[in-house]
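Notes for the one structure printed next.
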Amino acid sequence: SVILPVHNAELWLDECLESVLQQDFEGAMELSVFNDASKDKSAAIIDKWKVKLEGSGIPVVIGGHDSTSPRGVGYSKNQAIAQSSGSYLCFLDSDDVMMPQRVRLQLEAAAQHPTSIIGCQVRREPPDSTERYTRWINQLASDQLLTQVFTSNGPTVIMPTWFCSRAWFSHVGPFDEGGQGVPEGLLLFYNHLRKGGGVVRVDRSLLLYRYHPNAATRSVLETTIWTHRVRFLEERVLPHWAAFTIWNAGRQGRRLYRSLTAGARCKVVAFCDVDEKKIRKGFYCYEDSQERPKPRVPILHFRAARPPFVICVKLDLTGGAFEDNLRSLHLQEGRDFLHFS
């Protein structure tokens, strides 16, 4: 079942639905559309394509509502799943385009990894938008699909590329239905990991991933995502570490320190950095702390600091200098360090 939530998507729907028709998968496939109170021509476009798709042997199930306001992406996905019947779920956003091989190749991977979310590489549209993010999506090594789940980039296989068995989704889901401003994909991804799910990427570009100002993900506040990420870090990693160092004595590192619960802050033994000015200062004082005396955390050169590290340095922004410094320590990602920024 191709799962397609729709809200005011008339600009992209023709191309999106054409890509469903063009799939080279030869087994039984259906399209499940949920129209979330669209006020544009989306409903008419869906009806037109229902005739075309069913004429080509692809059943189309259409649900929706026409109330004054949309119920949100999480609700729409859950409804589209509930009205569908396939043993596997292929998630598709209404502004994206699938390559013809997508369903076939991801189904092959899902059959081999029944408790995994299957993703794929993507091609961004416009091509020069979010270059660093697109590179991250496409170039993560297979082990990094699990070690980099804490970064600000979100799920290591992006939601519009997800493919999984219905049985596994039923075990993990449903999506949060809080509506606009809720990162429903990130929350489900975290639940998936909590249940012991794996993450697999088909290393082919199987989706045209569109970037535009009206995308639903842009309604989620950075502070909301930050809070969820910190809590997940505290839940999944920090209980296993008796002490740790925050790599970056600047704004992001200090923000992480301040965002931690009191118990987790006590485990921070140092900040580390390469900035001689910060290192000469010698410590960071948490002025807003209610503790007396106020916490003073040492600031060390990274070579003088001890792992494990939570790294609050953005990747691929220092001309390779940060990455070279990290490699020089011969650490193992996931055990000795993890990326948070």
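The values are calculated or read from the model by the stated rules, or taken from the named source; none is laboratory data. Since the structure is predicted, the reported quantities are computational estimates derived from the model, not experimental observations. Glycine gets a Cβ as well: all are built from the backbone with ideal geometry, and neighbour counts include every protein chain shown. Just so you know, the surface numbers come from the protein's heavy atoms only, side chains and all, with ligands and any DNA or RNA stripped out. Shrake-Rupley method; radii C 1.70, N 1.55, O 1.52, S 1.80 Å.
Amide hydrogen proximity for G63: with H placed 1.01 Å from N in the peptide plane, the residues at 5 or more positions away or on another chain lying under 5 Å are V33, F34, N35. V268 exposes around 10 Å² of accessible area when a 1.4 Å probe is run over every protein chain in place.
Heavy-atom accessible area, probed at 1.4 angstrom with all protein chains present, ranks D93, D128, D176 as D128, D176, D93, highest first.
Here the Karplus curve 6.51 cos²θ - 1.76 cosθ + 1.60, taken at θ = phi - 60°, turns the phi angles of region 131-139 into couplings of 4, 5, 4, 5, 4, 4, 3, 8, 10 Hz, with x standing for Gly and Pro. Please build a GNM for the chain, connecting alpha carbons under 10 Å apart, and tell me which residue among Q144, Q112, Q290 fluctuates the most. Result: Q290 has the largest fluctuation of those listed.
Each Cα pair under 8 Å and six or more residues apart adds its sequence gap; the mean of these over the residue count of region 84-208 is a relative contact order of 46 percent.
Of the chain, which part is the longest with no GluC sites (Glu not before Pro) in a loop (DSSP not H, G, I, E, B) and with at most 15 other C-beta atoms within 10 angstrom? Segment 27-286 is the longest. Only lysine pairs 8 or more places apart or on separate chains count here, and in the chain those with Cα atoms under 18 Å apart total 5. Overall, the ratio between the Cα radius of gyration of region 222-279 and 2.2 N^0.38 Å, rounded to two decimals, is 1.15.
Quick one: compute the contact order of the chain, relative version, from alpha carbon pairs under 8 angstrom and 6+ residues apart, as a percent. This gives 16 percent for the chain.
In a Debye calculation with equal point scatterers on the alpha-carbon sites of region 223-339 and no solvent, what is log10 I(q)/I(0) at q = 0.10, 0.14, 0.16, 0.19 Å⁻¹? These q points yield log10 I(q)/I(0) values of -0.28, -0.56, -0.75, -1.07. Sparse packing (at most 10 other Cβ atoms within 10 Å of the Cβ) combined with a DSSP loop state is found for none of the chymotrypsin sites (Phe, Trp or Tyr not before Pro) in region 130-191. In this structure the chain gives 46 Å² per residue of accessible area when probed at 1.4 Å with all protein chains present. Applying the Karplus relation 6.51 cos²θ - 1.76 cosθ + 1.60 with θ = phi - 60° to region 312-317 yields 3J(HN,Hα) values of 10, 10, 5, 5, 6, 10 Hz, where x marks Gly and Pro.
Along its principal axes, region 1-43 has C-alpha extents of 35, 17, 10 angstrom, given from the largest down. State the percentage of accessible surface on region 223-339 attributable to carbon and sulfur atoms; use a 1.4 Å probe and exclude ligands, DNA and RNA. Carbon plus sulfur share of accessible area: 52 percent. How large is the helix-only mean residue ellipticity at 222 nm for the chain, computed as the sum of -39500 (n - 2.57) over DSSP H runs with n ≥ 4, divided by its residue count, in deg cm²/dmol to the nearest 500? Calculated from helices alone, the mean residue ellipticity at 222 nm is -9500 deg cm²/dmol. Heavy atoms only, probe 1.4 Å: what % of the accessible area of region 2-220 goes to carbon and sulfur, would you let me know? C and S atoms contribute 50 percent here. Of H192, H330, the residue with the largest accessible area leads and the full order is H330, H192 (1.4 Å probe). Against the criterion of solvent-accessible heavy-atom surface with a 1.4 angstrom probe, T223, T130 sort, most first, into T223, T130. Rounded, prolate or oblate: which one fits the chain, using the alpha carbon gyration tensor with axes a ≥ b ≥ c (rounded when a/c is under 1.5, else prolate when a/b beats b/c, else oblate)? Prolate.
Phi angles of region 80-91 translate, via the Karplus equation with coefficients 6.51, -1.76, 1.60 and θ = phi - 60°, into HN-Hα couplings of 5, 5, 4, 8, 9, 9, x, 6, 10, 10, 10, 7 Hz per residue; Gly and Pro are given as x. Rounded to the nearest 10 degrees, the angle from helix 184-194 to the longest Cα principal axis of the chain is 70 degrees.
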